[in-house]
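Contents: one structure, followed by commentary.
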Amino acid sequence: MAQPVVRTPEAKVALSTASVYPESTATAFEIAARLGYDGVEVMVWTDPVSQDIEALRRLSDYHRVPVLAVHAPCLLITQRVWSTDPWTKLQRARAAAEKLGASAVVVHPPFRWQRNYARDFVAGIWRMADETDVRFAVENMYPWRYRDREMLAYAPDWDVTKHDYRHFTVDLSHTATARSDALDMVDRMGDRLAHVHLADGNGSGKDEHLVPGRGSQPCAELLEGLAARNFDGHVVVEVNTRRAMSGAEREADLAEALAFTRLHLAAASRVPGR
């Protein structure tokens, strides 16, 4: 009789360097190596090391931790990182990914006040994707809320499935903040889902980025669904550890997140002849 065996998909589990903030990018490589992550996603932001390709290469080589993805500097605090021109930022992110051997660049939709950038964003992402093997994976965002007021801060839309992109990133902290159905969004992304930011949230007005399993999002169901379809993109742990009281507490959270991810990516399968 065939016996059940454990099968895991091709997806690699990476640690976002943002997950160790306020510690440094270099610390993220060290922790990823110590805990056994498959690689890192580099969040390009105000840490000078995150902006320096050669410094990142040295960290990757020293710790034997590959850079699997580059997150372009799209945040409010990174408006002047790698130029003030958003297309230049994306060109530099692509170049960094190519030089570091990363397969994906994560990018947010524009802020609404970036009118020229937003007007050409969908077509521009397609043009850039046609010029490289690196996947430009556009990430779902959320409306900004204050008390009972809501502001649409992103254009063309925070719900990226409303537009035609070649590849998507789904972020489960963002689906929580948007109060949208994460699994329905993943279904709409279909085969164009190339990248996952794994975190949790409870649907508050804040982008919480909780350790998976500590909020209301279907993190386990998502991972099990990815396993069933043999997802070959990257699953990136992107959680907030700023409240950790010590380095040991931060590492415990990141170890828990890794264990949760690997557990739910493991799928029962029956293999004939076993």
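The values are calculated or read from the model by the stated rules, or taken from the named source; none is laboratory data. Quick caveat: nothing in here was measured; it's all calculated off a predicted structure. Here the Cβ positions follow ideal geometry from the backbone for every residue, glycine too, while neighbour counts run over all protein chains shown. Calculation scope for accessible area: heavy atoms of the full protein, side chains included, ligands and nucleic acids excluded. Shrake-Rupley method; radii C 1.70, N 1.55, O 1.52, S 1.80 Å.
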**Item:** Only listed residue being under 18 Å from ARG262 (Cα atoms) and under 17 Å from the mean Cα position of the chain (by Cα), chosen from GLU238, GLU221, GLU208
**Value:** GLU238
**Request:** Just name the residue that is farthest from GLY247 (Cα to Cα) out of those in the range 27-41 that are more than 16 Å from the chain's Cα centre (by Cα) and either charged (D, E, K, R) or surrounded by fewer than 19 Cβ atoms within 10 Å (Cβ to Cβ) (or both).
**Result:** GLY36
**Fill in**
With the first residue restricted to the range 212-226 and required to be touching a residue at least 40 places away in the same chain (Cβ under 8 Å) and of a type in the set (A, V, I, L, M), and the second required to be open to solvent by less than 50 Å² (accessible area, probe 1.4 Å) and part of a helix (DSSP H, G or I), Cβ contacts under 6 Å at 6 or more apart or on different chains are ALA220/HIS264; LEU223/HIS264; LEU223/LEU265
**Asked** Say we look at the range 49-61 and pick out the residues that are in contact with a helix residue (DSSP H, G or I) (Cβ under 8 Å, 6 or more places away or on another chain) and not polar (S, T, N, Q); which of these is farthest from ALA32 (Cα to Cα)?
**Response** ILE53
**Request:** Please indicate, with yes or no, whether at least one residue in the range 109-122 is closer than 21 Å to TYR21 by Cα, at pLDDT 95 or above and buried (at least 16 other Cβ atoms within 10 Å of the Cβ).
**Result:** no
**Prompt:** Do any residues in the range 8-31 that are free of Cβ contacts under 8 Å to residues at least 24 places away in the same chain have Cβ atoms under 8 Å from those of residues that are open to solvent by less than 40 Å² (accessible area, probe 1.4 Å) and of a type in the set (Gly, Ala, Ser), where the two are at least six apart or on different chains, and which pairs are they?
**Reply:** ALA28/SER16; ALA28/SER19
**Message:** Regarding the range 64-86, can at least one residue be identified that is part of a loop (DSSP other than H, G, I, E, B), open to solvent by less than 60 Å² (accessible area, probe 1.4 Å), in contact (Cβ under 8 Å) with a residue 40 or more places away in the chain and of a type in the set (Phe, Trp, Tyr)?
**Reply:** no
**Request:** Could you list all residues from the range 42-63 that are open to solvent by 10 Å² or more (accessible area, probe 1.4 Å), in contact with a Leu (Cβ under 7 Å, 6 or more places away or on another chain) and not in a helix (DSSP H, G or I)?
**Result:** TRP45
**Prompt:** Would you pick out the residues in the range 123-148 that are closer than 22 Å to SER180 by Cβ and part of a helix (DSSP H, G or I)?
**Reply:** ILE125
**Message:** Among the residues of the range 90-106, are any surrounded by fewer than 20 Cβ atoms within 10 Å (Cβ to Cβ), touching a residue at least 24 places away in the same chain (Cβ under 8 Å), in a loop (DSSP other than H, G, I, E, B) and charged (D, E, K, R)?
**Reply:** no
**Message:** Show the residue pairs meeting these rules: Cβ distance below 6 Å; 6+ apart or different chains; first residue within the range 140-158 and touching a residue at least 12 places away in the same chain (Cβ under 8 Å); second residue open to solvent by less than 60 Å² (accessible area, probe 1.4 Å) and among the polar types (S, T, N, Q).
**Reply:** TYR142/THR177
**Fill in**
Considering the range 232-250, residues that are within 21 Å of HIS167 (Cβ to Cβ) and open to solvent by less than 10 Å² (accessible area, probe 1.4 Å), and then whichever is modelled with the lowest pLDDT, we arrive at GLY233
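Each row is one residue, and each column tells you yes or no for (1) charged (D, E, K, R); (2) open to solvent by 60 Å² or more (accessible area, probe 1.4 Å).
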{"site": "GLU139", "(1), (2)": "yes, no"}
{"site": "TYR142", "(1), (2)": "no, no"}
{"site": "TYR146", "(1), (2)": "no, yes"}
{"site": "LEU152", "(1), (2)": "no, yes"}
{"site": "PRO156", "(1), (2)": "no, no"}
{"site": "THR169", "(1), (2)": "no, no"}
